[in-house]
1. Just subtract the alpha-carbon distance of Cys219 and Asn59 from 0.36 nm times their residue separation and send over the number in nm, one decimal.
2. Modelled label-to-label distance, Glu75 and Ala107, 7 Å Cα→beta-carbon offset: nm?
3. Output the pairs from Lys81/Lys121; Lys47/Lys121; Lys47/Lys221; Lys104/Lys181; Lys104/Lys221 with a Cα-Cα distance over 31 Å in this structure; if there are none, say none.
4. Once both labels are modelled 7 Å past Cα along the beta-carbon direction, what's the Glu186-Ala37 spacing in nm?
5. How would Leu166, Leu35 line up from fewest to most surrounding beta-carbon atoms within 10 angstrom?
6. State, to one decimal in nm, how far the label point of Ala173 lies from the label point of Asp261, with both points 7 Å from Cα in the Cβ direction.
7. Over what distance in Å are the Cα centres of region 164-208 and region 56-130 separated?
8. For region 7-80, what D do you get in µm² per second when you plug the Kirkwood radius from alpha-carbon pairs into Stokes-Einstein at 25 °C and 0.890 mPa s?
Amino acid sequence: MWRAGGMSAELGIGVALRAVNERVQQAVARRPRDLPAIQPRLVAVSKTKPADMVIEAYNHGQRTFGENYVQELLEKASNPKILSSCPEIKWHFIGHLQKQNVNKLMAVPNLFMLETVDSMKLADKVNSSWQKKGSPERLKVMVQINTSGEEIYTSPLSFCEGKHGLPPSETTAVVEHINAKCPSLEFVGLMTIGSFGHDLSQGPNPDFQVLLSLREELCAKLHIPPERVELSMGMSMDFQHAIEVGSTNVRIGSTIFGERDYSKKPAPDKSTADLKAPEVAQEH
Ligand SMILES: *Cc1c(COP(=O)(O)O)cnc(C)c1O
């Protein structure tokens, strides 16, 4: 039987990747025709995993990778071995971004997308920081929505997935702000982490349904075709369901790289310290 975690590491990253890609395609085939036919992007979430594993996945054809701590992303993306062996790598930042870390994030080589813009202020800060960098390309951004309306907390599954994101009711205003006031950003979609452990026998995941209806509302209000608004939802546990209901960007870690061992993490640095006191350190 296929299990997320352990087994994929034993079988090797190449085998795990191929299996995940097959499951992605099977889920695409089950997707209703009325959903935009966007081929989902697989983001291989390499957090806590060494550079060698990223290179191994890259050598098996994977190009897009995700990280959720700025410091870890900066170190991995600047790793000389990754820089020389993975020239086409694309990094997605998928963690909570504090304003004081924006400049550091903008320095990440091959940063392709920021999935977690969750306020106008953060959008402004990212916009001006990216502008200063003088990149010829706009930075692709998604707006992260707190679809479950939960308070910020630390997931029982791991310490890394705090609940952040914009209240759903503010979605249109923030996207309008990005489009009108942030010329160095390109709005590309909506992202949610969603609640953990949703039981699919109880019906579709309501978090995913919220993201879908927000896209509908956004597209109607701003006259954007739905094909132009991606949905980032789905992780190891629920990516097939997420794709069946319309996800265009799945973020998968443990099923590709094996379960994460946090005991091996180096002593807490600034980014992990941020987590322990998420709000005190933040400017508003
Ligand atoms: C860690 C993480 C993932 C991947 O989780 P898995 O369960 O290992 O697939 C996806 N999205 C975010 C935001 C994460 O932090």
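1. Details: separation 160, 0.36 × 160 = 57.60 nm, distance 3.80 nm.
Separation in residues times 0.36 nm, less the Cα-Cα distance, equals 53.8 nm.
2. The modelled label-to-label distance comes out at 1.5 nm.
3. On the way: Lys81/Lys121 36 Å; Lys47/Lys121 27 Å; Lys47/Lys221 37 Å; Lys104/Lys181 22 Å; Lys104/Lys221 34 Å.
Beyond 31 Å: Lys81/Lys121; Lys47/Lys221; Lys104/Lys221.
4. About 2.3 nm, to one decimal.
5. Values: Leu166 23, Leu35 18.
Sorted ascending by nearby Cβ count, the order is Leu35, Leu166.
6. In this crude spin-label approximation the distance works out to 4.8 nm.
7. Value for the Cα centre distance between the two parts: 19 Å.
8. Numbers: Rh = 13.9 Å.
Reported coefficient: 177 µm²/s.
None of the figures in this text is laboratory data; all of them are computed from the coordinates on show. Keep in mind the model is a prediction, meaning the values are calculated, not measured. Counting neighbours? That spans all protein chains shown, and the Cβs are built from the backbone with ideal geometry, glycine included.
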